[in-house]
Amino acid sequence: MKALELQRVEKSFKKRRGEVVKALDAVSLSVGKGEVVGILGPNGSGKSTLVRVISTLVTPDAGRVEVFGVDAVSHPKKVQRSMNRVSVEASFFKKLSAMENLLYGAKLYGVTSREARPLIQEILDNIGFARKRATEPMEHLSRGMQQKIALARALLTSPVLMLLDEPTTGLDPRSKKDVQAFIRRIREAHDSSILLCTHDMQEAEELCDRVGIMVDGRILALEEPEGLKRRYASDPGGPPPTLEETFMAATGYSVEEASAEGDEG
Amino acid sequence: MHNAPNKPLWLSEMVAVWGYVQRNYFLTKRYLMWEVVWLVYVTINAMAITFIGAGVEAVGGTVDTRFLMTYLLVGALLWNYLSMLFDVLSETVSWERWEGTIEYTFMSPSSRVTHLLGMGLYAVVYGIVQTAITLGVCYLLFDLDLAAANYAGALLVLAVCSVSLVGFGIVAAVLPLLSPEKGQQVSYIVSSVLLLVSGVYYEVDVLPGWMQAIATVSPVTYALQGTRAALLDGAGLSALWESIWPLLIMGVVFVPLGIFVFHLGERYAKKTGKLKRSG
């Protein structure tokens, strides 16, 4: 059974002047148990809508979304129990401390403070997060530290499917490396399946078993990084292109254009 | 490794209710200075309204000043409590959106009933503490007409009214889901209409007929009638029943209606993509 399976999922949004924007156009993909699948795409390509559809925050117009064989549209509560999400924005109560936010997040998943506290200590120790800083308001922590707490919060509910929506965007290089290392540890230690949306080519190449390229709501290709490179190689006999070159060949976007600020669909 | 599924569903939901209550308590602690400022404002506001009763006599009115001051104070305190309850519930969505936590909360497996129950429970406890402090200060300052007061009866009316007002607040909470930009403003209009028609500082009888018609569907109207009857006239349970039964009906209607409407609003927001943190 696949951890995640999407079959021809479609989603359109009506904008103010009656204009219809197709955010997802017949998207099909699957994530195997314990697999890390990356989705590369420029801003506005539909990555965030894809994550919102899987996390039951947006209802698809058509198609099927299954998490471990359970239909996410007709049984959202069952699916919500088995997954968690970390997005580019740190969704925290900024005045509350990391510990208070973590305890609150755990309770929403039915985990009591007594059950959560030892887990929190263990996770914080593993990521090298000083215990005394856990009592400081979130707004006093750096973006990198906030993202680590976001990952810790997700891990606390023991999800079998993790949705990571640009978890390292906007982080300084050091924090980015720390968060990426944390994702690697989650993968190794917790047997979670992970869908990682990013526009960081290096991150996708280093962390993912398979990488998909998404543009204008469509997934152009989804395979192992090496296979992807071969598919878009301009000179099949020459040295393999980098993932950046592959991305440019597939989408027509440069890395800078892909990560430029814009409306994310 | 997964913790929650080992528990029965009802227990997980109870843990989540406590999560909402505890989170709001943590937030109250963090914003303590604001809470103190608000408490001072509410208390001074109640005192100023009570002094209107003394002022009527000073400008030549012939009224029972003690009675009028107590009448106004009860109105001020009750409105403070009930409007706070309504605001907390109706701001459930816009508050989460402002904090940036709306998506995290709405993708969690705890049910919406649990979410709204947790919000309502904390608002009731918080409101009772705040109102008790304000009442205590005013009790020391004013010579109130509470000799015949039936406090237990007043609390009963308040408890029944709290339930129906939670339902009323849940209906209003759906507005920011339908329109992230204007929804909350509409709920403020609902709140101000309740203040106007429910007889907070005057009898409903003095209002034009069409306003009196609106007053009949406001739980605040019956809460005020019942509480004033209990505190000012010492009315017993049989006399209070006149105010309690409409509140019971409203509770039975508004709470399920509110949850149903909220469910429809959430479904619409998920279809149109309006559940985003930025709206």
Worksheet item: Of (1) in a helix (DSSP H, G or I); (2) in contact with a helix residue (DSSP H, G or I) (Cβ under 9 Å, 6 or more places away or on another chain); (3) over 20 Å from residue B:45 (Cα atoms), residue B:180 satisfies all except one. Which?
Response: (1)
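Yes or no, residue by residue, for (1) farther than 30 Å from residue A:109 by Cα; (2) surrounded by fewer than 16 Cβ atoms within 10 Å (Cβ to Cβ); (3) within 14 Å of chain A (Cβ to nearest Cβ); (4) at pLDDT 95 or above:
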| residue | (1), (2), (3), (4) |
| --- | --- |
| B:4 | no, no, yes, no |
| B:15 | no, no, yes, yes |
| B:19 | no, no, yes, yes |
| B:29 | no, yes, yes, no |
| B:36 | yes, yes, no, yes |
| B:40 | yes, yes, no, yes |
| B:43 | yes, no, no, yes |
Worksheet item: Where residues in the range B:45-62 are exposed (fewer than 13 other Cβ atoms within 10 Å of the Cβ) and farther than 21 Å from residue B:140 by Cβ, which of them is farthest from the chain's Cα centre (by Cα)?
Response: B:60
Discussion item. Just the residues that are β-branched (Val, Ile, Thr) and touching a residue at least 40 places away in the same chain (Cβ under 8 Å), please, taken from the range B:1-51.
Written reply: B:17, B:21, B:28, B:42, B:43, B:49, B:50
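Matching residues to (1) of a type in the set (Lys, Arg); (2) over 25 Å from residue A:36 (Cβ atoms):
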| site | (1), (2) |
| --- | --- |
| A:91 | no, no |
| A:110 | no, yes |
| A:124 | no, no |
| A:129 | no, no |
| A:144 | no, no |
| A:148 | yes, no |
| A:166 | no, no |
Item to complete: For residue B:152, work out the one condition from (1) closer than 30 Å to residue A:16 by Cα; (2) surrounded by fewer than 16 Cβ atoms within 10 Å (Cβ to Cβ); (3) of a type in the set (A, V, I, L, M, F, W, C) it doesn't fulfil.
Response: (1)
Practice prompt. Could you please find all residues in the range A:218-242 being assigned to a helix (DSSP H, G or I) and touching a strand residue (DSSP E or B) at 6+ places or on another chain (Cβ under 7 Å)?
Written response: A:225, A:228, A:231
Worksheet item: How many residues does the range A:17-36 hold that are over 18 Å from residue A:49 (Cα atoms) and surrounded by fewer than 18 Cβ atoms within 10 Å (Cβ to Cβ)?
Response: 5
Worksheet entry | Matching entry among B:243, B:198, B:192 (being surrounded by 15 or more Cβ atoms within 10 Å (Cβ to Cβ) and within 16 Å of the chain's Cα centre (by Cα)) | B:198
Discussion item. Being within 11 Å of another protein chain (Cβ to nearest Cβ), surrounded by 24 or more Cβ atoms within 10 Å (Cβ to Cβ) and among the charged types (D, E, K, R): is that true of residue A:107 here?
Written reply: yes
Worksheet item: Mind checking which residues of the range A:116-142 are buried (at least 18 other Cβ atoms within 10 Å of the Cβ) and part of a helix (DSSP H, G or I)?
Response: A:116, A:119, A:120, A:123, A:124, A:134, A:138
Worksheet item: Would the range B:98-114 turn up any residue that is part of a helix (DSSP H, G or I) and either away from chain A (no Cβ under 14 Å) or under 13 Å from the mean Cα position of the chain (by Cα) (or both)?
Response: no
Worksheet item: Looking at A:192, A:175, which one is in contact with a Ser or Thr (Cβ under 8 Å, 6 or more places away or on another chain) and in contact (Cβ under 8 Å) with a residue 24 or more places away in the chain?
Response: A:175
Item to complete: Give me a count of the residues in the range A:95-104 that are facing chain B (nearest Cβ under 8 Å), part of a helix (DSSP H, G or I) and either at pLDDT below 95 or surrounded by fewer than 24 Cβ atoms within 10 Å (Cβ to Cβ) (or both).
Response: 2
Response to the item:
From the option list B:229, B:269, B:235, B:223, single residue qualifying as within 30 Å of residue A:59 (Cα to Cα), surrounded by 15 or more Cβ atoms within 10 Å (Cβ to Cβ) and touching a residue at least 12 places away in the same chain (Cβ under 8 Å) is B:269
Worksheet item: Among the residues of the range B:121-133, is there at least one that is part of a helix (DSSP H, G or I) and more than 19 Å from the chain's Cα centre (by Cα)?
Response: no
Worksheet item: Within the range A:27-44, which residues are modelled with pLDDT of 95 or more, of a type outside the set (Ser, Thr, Tyr) and over 23 Å from residue A:182 (Cβ atoms)?
Response: A:27, A:29
Fill in: So residue A:194, is it of a type in the set (Val, Ile, Thr), at pLDDT below 85 and closer than 26 Å to residue A:153 by Cβ
no
Worksheet entry | Selection within the range A:49-86 - among the small types (Gly, Ala, Ser), surrounded by fewer than 24 Cβ atoms within 10 Å (Cβ to Cβ) and at the interface with chain B (Cβ under 9 Å from one of its Cβ atoms) | A:82
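The values are calculated or read from the model by the stated rules, or taken from the named source; none is laboratory data. Because the structure is predicted, anything quoted here is derived from the model rather than measured. Ideal geometry is used to build each Cβ from the backbone, glycine not excepted, and the neighbour counts take in all protein chains shown.
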